[in-house]
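The structure appears right after this line, and notes come after that.
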Amino acid sequence: MLHIIEHSLLDTLKIIPFLFLTYLLMEYIEHKTSDKVKRTIHKSGKAGPFIGGLLGAIPQCGFSASAAGLYAGRIISLGTLIAIFLSTSDEMLPILISEAVDIKLIVQIVGIKVIIGMIAGFLIDFIMQFKEKSQAEEWKIHDMCEHDHCHCEKSILKSSISHTLQVTLFILIVNFALNFVIEFVGEEALANLFFTKPIIGELIAGLVGLIPNCASSVVITQLFLEGVISFGSMMSGLLVGSGIGILVLFRVNKGLKENMKILALLYAIGVVSGIILGFFVS
């Protein structure tokens, strides 16, 4: 047990400096660009899925939440919302960067998320054909972030420290759980659960991605880096994962049935994409 605790602590402590520097940059982007990003999406029109797919990949905590609010007011289309949800990065980028993952792999993962988001978004908008445009009330990203604990009202430094500590604690718990399971179950047996049954792996990862919290991307990314899940399973979870965006959607968008349909659509796109990718990337 002491060996597991020691190994978990060392694995976590060594990435804290990288996490802090990454979140410092993320908080700077969020504080300085969130209003401009929101205005850009508002004016995007039919190009919404394209712009949303690109901007969704920017690593910041509040953008998927903002997109949910914009959709609730029908300022953006369903296709744009899905494009943003599918391309949202969340904690994936900080983890990959802190673990010194090959930049080519990072670009590949982000690129796939963006492309799938754009394609899905355009297809959805083509099918939906906008029933009607409704006027939306003014939405303040500050209020949304405060409501969902993004801490955007704090200074950049305090917010970066707070986010780093929260994610570090979660990573420590995940590392301990992973090391415990791998130690007593066996890495080979655990990996076979996913690799010998690829479709099951994508389905499970997609369910983890549905957790309305940025932490789900931490779990999925860590499992991939530990070699527990395949590339296809990781992509399923990361595509489905939209941070707190889903939580905000259920809170601000009227109609539980519509929200459930959006959730099912997001899950289906992510899982199917992961299964397809699993056949091409080992």
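What follows is calculated from the coordinates using simple rules that are stated; it is not laboratory data. As the structure is a prediction and not an experimental result, all values here were calculated from the model. Glycine also receives a Cβ, built like all others from the backbone with ideal geometry; neighbour counts cover every protein chain displayed.
In terms of distances greater than 31 angstrom between alpha carbons, the cross-link table entries Lys104/Lys261; Lys113/Lys254; Lys46/Lys158; Lys104/Lys254 yield Lys104/Lys261; Lys46/Lys158; Lys104/Lys254.
Remark: the Leu169-Val107 segment gains 19.6 nm on full extension, using 0.36 nm per residue and subtracting the alpha carbon distance.
Annotation: extensible slack from Leu21 through Ile115 equals 31.1 nm (criterion: 0.36 nm per residue apart, minus Cα-Cα distance). If R0 is taken as 30 Å, the Cβ-Cβ distance between Leu9 and Leu207 corresponds to a FRET efficiency of 0.55. If you plug the beta carbon distance of Ile199 and Phe280 into 1/(1 + (r/R0)^6) with R0 = 22 Å, you get a FRET efficiency near 0.90.
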